[in-house]
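A.B. asks: Have a look at the structure that comes next, please.
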Amino acid sequence: MGWLRKIFKGSGGRVPEQHNNGNYGEDPNYYGPSTSGGMWSGQENEDIDRAIALSLVEEDQGRRSEIDYSIDNGYQLEEDEQLARAIQESLNFQYPPRPPHYGHGNIYQPVPVHFPMGFRICAGCNTEIDDGRFLNRLNALWHPECFRCHSCNLPISDYEFSMSGNYPFHTFCYKECHHPKCDVCKHFIPTNPAGLIEYRAHPFWIQKYCPSHEHDGTPRCCSCERMEPRDTGFVGLNDGRKLCLECLDSVVMDTSECQSLYREIKAFYEGLNMKIDQEVPLLLVERQALNEARDGEKHGHYHMPETRGLCLSEEQTVSSILRRPRLGRGNRAMDMITEPFKLTRRCEVTAILILYGLPRLLTGSILAHEMMHAWMRLQGFRTLSQDVEEGICQVLAHMWLHSELSSISGSNVASTSSSSSWRTSKMATRSQFDNKLGEFFKHQIESDRSPVYGDGFRAGQQAVHKYGLRSTLDHIRMTGRFPY
């Protein structure tokens, strides 16, 4: 201690040194009582008092340091105990049972963790998480009621959840929103053995359906080719064909109904300077009557697998539909009246037959096709190859559809600007579907892969675009081929 050093200082400030010369013997007076220990000079007494005072100050400072150190240790001990309790609670946390996984987003498994107070801000409401349980998800902390599904807006309390972009979903909500459903059976489209979602889709209507519906007898509309949904009944025709309700809205069902359309297409041909002077009968017939008439023809080209129109040159008797059928029980056409019609050969064409029960635009395109056959025969064209004759007939059908769709679009704009009545609104809605249906019929002609009708149409269309219709027809009359 420092004050002891002060005590043993002499008046000169040095402690007397005892010199040892290597003699291990004992001096008899060495351990004797000191004769100078009880006698201190005045200067030495002052030094002793100063040393004692200095020692007391040092001891007091030492005690204060020990008190501060113990306080710091106590505070650190309290923090360590809180952290140990938090770790113990997290180790004792029990996860809920894992639900079945059927989502197709990114699956996340939240890990609830307890942190010391003062570090937790909710990423949902942006307020401090005071106490209680919270969630650690998406690299952020949340109140349990703030972490919600982007679809149903309910809290996500499941063990797993799905992500789409930056939005969390319940796994079942994600499936409901993003897993494709069949447009026919309305069920989720199943996965194939490889675990991938596999479905079929119509190339024009984009109707998605399970692959099994191609083989389970699900009917298609004979006009637009869409499959019949389970919750919507199609109309059944007498010959087994099915017609959807949208196509039924503009269907042509008997011979008398078709006469006005016949006159419109005659006017279309006249506008192209291709007037037909002869009176050629137009008859709407059933499928069986059409097939029988086709078999009675010596020559003709037919678009398989189903013939929907014929230009006849032979005399025969055909069963024509006199009055349209009515819809009976189970959405079936009933009470159709037919009558026999005897065809007489007065020119190169005896009649034009069209399959009944098709929408107006499809009926008109078939009629425009068959009228081109009639026009070329009446104009004395030579016998042509199938691809040339059927190709140029498809070009005229496509041209008529294009003109009709242009008039539909024009009338739709006019009706929208002129009136807002219920009838006008209904006609506008109907025109929208008719426009879509007409585009589908054009798409059928353009995408036909058959070498006769498809390739023939594309060759004829190219020639007409390059040389014009009249020059193309003149070249066909002289050479029997399309100009190139």
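The values are calculated or read from the model by the stated rules, or taken from the named source; none is laboratory data. Being a predicted model, the structure only gives us computed values, none of them experimental. Neighbour counts are summed over all protein chains in view; Cβ atoms, including those assigned to glycine, are modelled from backbone coordinates with ideal geometry. Remember, those area values only see protein heavy atoms, side chains included, never the ligands or the DNA or RNA. Shrake-Rupley method; radii C 1.70, N 1.55, O 1.52, S 1.80 Å.
A.B. asks: If you add up the charges near Leu401, with Lys and Arg at +1 and Asp and Glu at -1, over every other residue whose beta carbon is less than 9 angstrom from its beta carbon, what do you get?
C.D. replies: -1
A.B. asks: What are the residues whose amide H is under 5 Å from the amide H of Thr317, where those residues sit 5 or more places off or on another chain and H is modelled from the backbone?
C.D. replies: Long-range HN contacts for Thr317: Leu343.
A.B. asks: Now for a separate question. Using a 1.4 Å probe, how large is the accessible area of Phe433, given in Å² and rounded to the nearest 10?
C.D. replies: Roll a 1.4 Å probe over it and Phe433 shows about 40 Å².
A.B. asks: On to the next question. In square nanometres and to one decimal, what's the mean projected area of the convex hull around the Cα atoms of region 310-350?
C.D. replies: 3.6
A.B. asks: Expressed as a fraction of 2.2 N^0.38 Å, the rule-of-thumb size for a compact globular protein of N residues, what is the C-alpha radius of gyration of region 212-298?
C.D. replies: Normalised by 2.2 N^0.38 Å, the Cα Rg of region 212-298 equals 1.44.
A.B. asks: Only bridges whose two residues both fall in region 262-377 count here: according to DSSP, what percent of them are antiparallel, nearest 5?
C.D. replies: For region 262-377, the DSSP antiparallel bridge percentage is about 75.
A.B. asks: Moving on. What's the FRET efficiency of His443 with Arg323 using the Cβ-Cβ distance as r and R₀ = 41 Å, to the nearest 0.05?
C.D. replies: Calculated value: 0.75.
A.B. asks: Would you grab the residues whose amide H sits under 5 Å from the one on Arg332? Only those 5+ places off in sequence or on another chain, please, with H modelled 1.01 Å from N.
C.D. replies: Gly236
A.B. asks: Ok, one more. After finding the eigenvalues of the alpha carbon gyration tensor for region 334-383, what semi-axes result from the square roots of 5 times each, listed largest first in whole Å?
C.D. replies: The answer is 25, 17, 5 Å, longest axis first.
A.B. asks: Within 11 Å, Cβ to Cβ, of Glu214, how many net charges do the neighbouring residues add up to if Lys/Arg are +1 and Asp/Glu are -1? Intermediate values should be presented prior to the final figure.
C.D. replies: Working: positive: Arg200, Arg220; negative: Asp216.
Computed value for this residue: +1.
A.B. asks: Something else now. Quick check: net charge around Met376, other residues with Cβ under 13 Å of its Cβ, Lys/Arg +1 and Asp/Glu -1?
C.D. replies: On the way: positive: Arg377, Arg382, Arg477; negative: Glu348, Glu370, Glu389, Glu390, Asp474.
Here the charged neighbours net out to -2.
A.B. asks: Stokes-Einstein diffusion coefficient for region 280-386 at 37 °C in a medium of 0.692 mPa s, Rh from the Kirkwood formula over Cα pairs: what value in µm²/s? Don't skip to the answer; put the middle values down first.
C.D. replies: Numbers: Rh = 14.6 Å.
Roughly 224 µm²/s, to the nearest whole number.
A.B. asks: Under 17 Å from a point 7 Å along the Cα-to-Cβ line of Asp335: which residues of region 247-281 have their amide N that close?
C.D. replies: Residues 253-254 qualify, since their backbone N sits under 17 Å from the label point.
A.B. asks: Amide H to amide H under 5 Å from Ala351: which residues, 5+ apart in sequence or cross-chain, H placed 1.01 Å off N in plane?
C.D. replies: Hits under the 5 Å cutoff: Leu312.
A.B. asks: While we're looking at this one, here's another question. With the full set of protein chains in place, find how many percent of the accessible area of region 223-332 is carbon and sulfur; take the probe as 1.4 Å.
C.D. replies: Of the solvent-accessible surface of region 223-332, carbon and sulfur hold 45 percent.
A.B. asks: A follow-up question, please. With all protein chains present, calculate the accessible area of Ser164 using a 1.4 Å probe and round the result to the nearest 10 Å².
C.D. replies: 40
A.B. asks: Say the cut-off is 24 Å between C-alpha atoms; which of Lys208/Lys436; Lys275/Lys436; Lys208/Lys242 go over it? List each step's numbers first, then the result.
C.D. replies: Details: Lys208/Lys436 18 Å; Lys275/Lys436 30 Å; Lys208/Lys242 19 Å.
Violating the 24 Å Cα-Cα cut-off are Lys275/Lys436.
A.B. asks: Label point 7 Å out from Gln278 along Cα-to-Cβ: which residues of region 325-359 have amide N under 18 Å?
C.D. replies: In region 325-359, the label zone of Gln278 (backbone N under 18 Å from the point 7 Å along Cα→Cβ) covers 342-354.
A.B. asks: With every atom except the alpha carbons ignored, what do you get for Rg and Dmax of region 164-309, in angstroms?
C.D. replies: 22.4, 72
A.B. asks: Now for a separate question. Between region 164-193 and region 214-228, what's the alpha-carbon centroid distance in Å?
C.D. replies: Here the two parts' Cα centres lie 24 Å apart.
A.B. asks: Turning to a different aspect of this structure: Could you run the Karplus curve 6.51 cos²θ - 1.76 cosθ + 1.60 with θ = phi - 60° over region 451-467 and give me ³J(HN,Hα) per residue in whole Hz, x for Gly and Pro?
C.D. replies: With coefficients 6.51, -1.76 and 1.60, one gets x, 7, 7, x, 5, x, 4, 5, 5, x, 4, 5, 5, 5, 5, 8, 10 Hz.
A.B. asks: Sticking to Cα atoms, compute the Rg of region 180-244 to one decimal and its Dmax as the biggest Cα-Cα distance, whole number, in Å.
C.D. replies: That works out to 12.6, 43 Å for Rg and Dmax.
A.B. asks: Please turn the phi angles of region 277-282 into ³J(HN,Hα) values with the Karplus equation 6.51 cos²θ - 1.76 cosθ + 1.60 (θ = phi - 60°), one per residue in order, whole Hz, x for glycine and proline.
C.D. replies: Taking θ as phi minus 60°, the curve returns 7, 6, 8, 9, x, 10 Hz for region 277-282.
A.B. asks: OK, next. Using the eigenvalues of the Cα gyration tensor, what equivalent ellipsoid semi-axes result for region 230-274 when each is taken as the square root of five times the eigenvalue, whole Å, largest first?
C.D. replies: 31, 12, 8
A.B. asks: Shifting gears a bit: What residues from region 449-469 fall in the zone where the backbone N is under 17 Å from a label point 7 Å along the Cα-to-C-beta line of Ser385?
C.D. replies: 450-464
A.B. asks: While we're here: For region 153-205, just say rounded, prolate or oblate: build the C-alpha gyration tensor, square-root its eigenvalues into a ≥ b ≥ c, call rounded for a/c under 1.5, and beyond that prolate if a/b exceeds b/c, oblate if not.
C.D. replies: Working: a/c = 2.48, a/b = 2.01, b/c = 1.24.
Because a/c hits 1.5 or more and a/b exceeds b/c, region 153-205 counts as prolate.
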